[in-house]
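Here is the structure we will look at, set down as structure tokens.
A short reminder: the numbers here are calculations on the coordinates, not readings from a lab. The structure displayed is predicted, hence computed values, not measured ones. Methodologically, a virtual Cβ is constructed for each residue, glycine included, from the backbone with ideal geometry; neighbour enumeration extends over all protein chains shown.
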Amino acid sequence: MGQKVSPTGYRTGIMLDWQSTWYAGKQEFSDLLVEDFNIRKYIMEYINKRVKQGRPGIASIRIERTREKVVVYIYSARVGVIIGKKGQEIDKLTKELEDITHRHIEIKTMEVARPEVDAQLVAEDVADQLEKRQSFRRCMKRAIEQTMEAGAKGIRIQMSGRLGGAEMARCETAMEGSIPLSTLRAKIDYGFTEAKSAQGHIGIKVWINNGDYLDDEGDSNAANAQKSKVSKKPARKSQG
């Protein structure tokens, strides 16, 4: 099951929230879905063009819609690059998105506090190293060490392509800790990106286990359960 199902899609609606939060009827749904895709694509292309060195470090883009406006949340480890000097870049991006969608758009940047345990950011960091002609085994080893030191329960990295400049493409995997892909309550973060090397594109997949949802919520849930527990009626004393 772990090889066939995306861990993000597998948990959406159960343990994870949707990346797009809105409601629409049958006639509008397809148009809004395509519009969300175009917004994400345009934001990625816009920021990539303006980053002089490395990648923008965007972990995810979440979209919320109301009748009045569209709110776009950009989660990134390099918020300063997106905002620009005195907010010039973010204002320009907002105006261009409004011209494309013909809607009122509000962009909010959210900083990722721990990029070492975010699968998408780890994948992009590995891709940066590969594009700088680093050894793919060294890149995997370095990423695994940093993630495990940051407190992750497990990590798995898979690379596919002409690794090390070989003539034939192959797949290499490195793993440390546990990655329970079929356990829905496990916090499995998944990221994918491509590194553009001289020999061709190299696909990079990263799975990171950040623990268990029940471990974080267990104490509070147990306390709430105790508070709302119906008190048992005292046993009747036998008379006589």
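Using +1 at the C-beta of Lys and Arg and -1 at the C-beta of Asp and Glu, which of 201, 30, 148 has the Cα lying farthest in the positive direction of the dipole of the chain?
Of 201, 30, 148, it is 148.
Can you put 171, 139 in order, fewest other beta carbons within 10 Å first?
171, 139
Taking K and R as +1 and D and E as -1, what net charge do the other residues with C-beta under 12 Å from the C-beta of residue 183 add up to? Please report the intermediate quantities before stating the final value.
Working: positive: 11, 153, 185, 187; negative: 212.
Its environment carries a net charge of +3.
Only counting other Cβ atoms within 10 Å, I'd like 23, 75 sorted with the fewest neighbours first.
23, 75
Sorting 125, 212 on the 10 Å Cβ count, fewest up front, what's the list?
Fewest to most other Cβ atoms nearby, the residues stand as 212, 125.
What are the radius of gyration and Dmax of the stretch 7-111, computed over its Cα atoms and given in Å?
14.3, 43
So, counting K/R as plus one and D/E as minus one, what does the shell of residues with Cβ under 10 Å around residue 198 add up to?
Value of the local net charge: +2.
Which GluC sites (Glu not before Pro) in the stretch 64-140 pass both tests, a DSSP loop state and at most 12 other beta-carbon atoms within 10 Å?
68
Tally Lys/Arg at +1 and Asp/Glu at -1 over every other residue whose Cβ is under 10 Å from the Cβ of residue 208; what's the total? If you can, show how the numbers build up before the last one.
Numbers: positive: 153, 156, 187; negative: 116, 118, 189.
Overall, the nearby charge balance is 0.
What's the center-to-center distance, using Cα atoms, between the stretch 106-131 and the stretch 151-205 in Å?
The distance from the Cα centre of the stretch 106-131 to that of the stretch 151-205 comes to 15 Å.
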